[in-house]
Amino acid sequence: MVRDQALLDRVSQDAKSHLLATLPAGLESDRYRTMLSDPSFQIFYHAPALILISGISQGPWVVEDCALAADNLMLAAYGLGLGTCWIGFAQSFLNTPEGKTALGLPATWLPVAPIIVGHPKTVPAPVPRKEPQIRWVG
Ligand SMILES: Cc1cc2nc3c(=O)[nH]c(=O)nc-3n(C[C@H](O)[C@H](O)[C@H](O)COP(=O)(O)O)c2cc1C
């Protein structure tokens with residue numbers, strides 16, 4: 001858990017530089033490049049806390065376990081009236097030796113889910129539901 005805003009600012013800067021240097025070419029990347037090139041864009045949206053859910057042991061399901069933990073965290077936070085967002089923009093940098101050092105993570109840990117938590121300023125309108133694609137087999 002990180003609440004130090006100066007540290008989150010630094011990690012945001014470094015994560016943006018890292019992504020800009022490593023993004024592959026493509027339309028989606030162009031959209032991201034525009035966002036990441038904006039000096040006023042802070043990838044953590046100045047949220048008061050970042051919770052970085054990480055795998056601390058080697059195992060075949062470590063990413064799945066962390067993603068489930070993240071989902072539960074997000075639902076529990078919502079139940080308490082808090083807002084969350086998974087910050088994928090932080091992931092590649094946090095998985096570098098520099099990123100782990102920045103947050104004091106042991107080199108063997110695997111950062112999976114950077115989740116910001118805060119008090120929502122507004123309640124977003126529900127998004128339109130997409131029809132599920134269900135294949136009935138048998
Ligand atoms: C793995 C993952 C990574 C994400 N990374 C970011 C991010 O870095 N920044 C951001 O603003 N939103 C991020 N989001 C949130 C999405 O942009 C989107 O708001 C959210 O998934 C809601 O999607 P919906 O509109 O389809 O319901 C991420 C979501 C997921 C699942």
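For the chain, the relative contact order is 31 percent, taking Cα pairs closer than 8 Å that sit 6 or more residues apart in sequence and dividing their mean separation by the residue count.
Note down the net charge around Arg10, summing +1 for each Lys or Arg and -1 for each Asp or Glu among other residues with Cβ under 15 Å from its Cβ. Within the 15 Å Cβ shell, the charges total -1. Over region 80-119, Cα pairs under 8 Å with separation of 6+ residues give a relative contact order of 64 percent.
Return the single residue from Ala49, Ala76, Ala25 with maximal mean-square fluctuation; model: Gaussian network over the chain, springs between Cα atoms under 10 Å. Of Ala49, Ala76, Ala25, the most mobile in the Gaussian network model is Ala25. Would you calculate, for the chain, the mean residue ellipticity at 222 nm contributed by helices, counting each DSSP H stretch of 4 or more residues as -39,500 (n - 2.57) and dividing by all residues, to the nearest 500? Dividing the helical sum by the residues of the chain leaves -12500 deg cm²/dmol. Each of Trp136, Trp61, Trp86 has its accessible area taken with a 1.4 Å probe; listed largest first, they run Trp136, Trp61, Trp86.
The values are calculated or read from the model by the stated rules, or taken from the named source; none is laboratory data. From a predicted model like this one, the values you see are computed outputs, not experimental measurements. Here the Cβ is made from the backbone with ideal geometry for all residues, glycine too, and neighbour counts use every protein chain on show. Heads up: the accessible areas ignore ligands, DNA and RNA and are worked out on the full protein's heavy atoms, side chains in. Shrake-Rupley method; radii C 1.70, N 1.55, O 1.52, S 1.80 Å.
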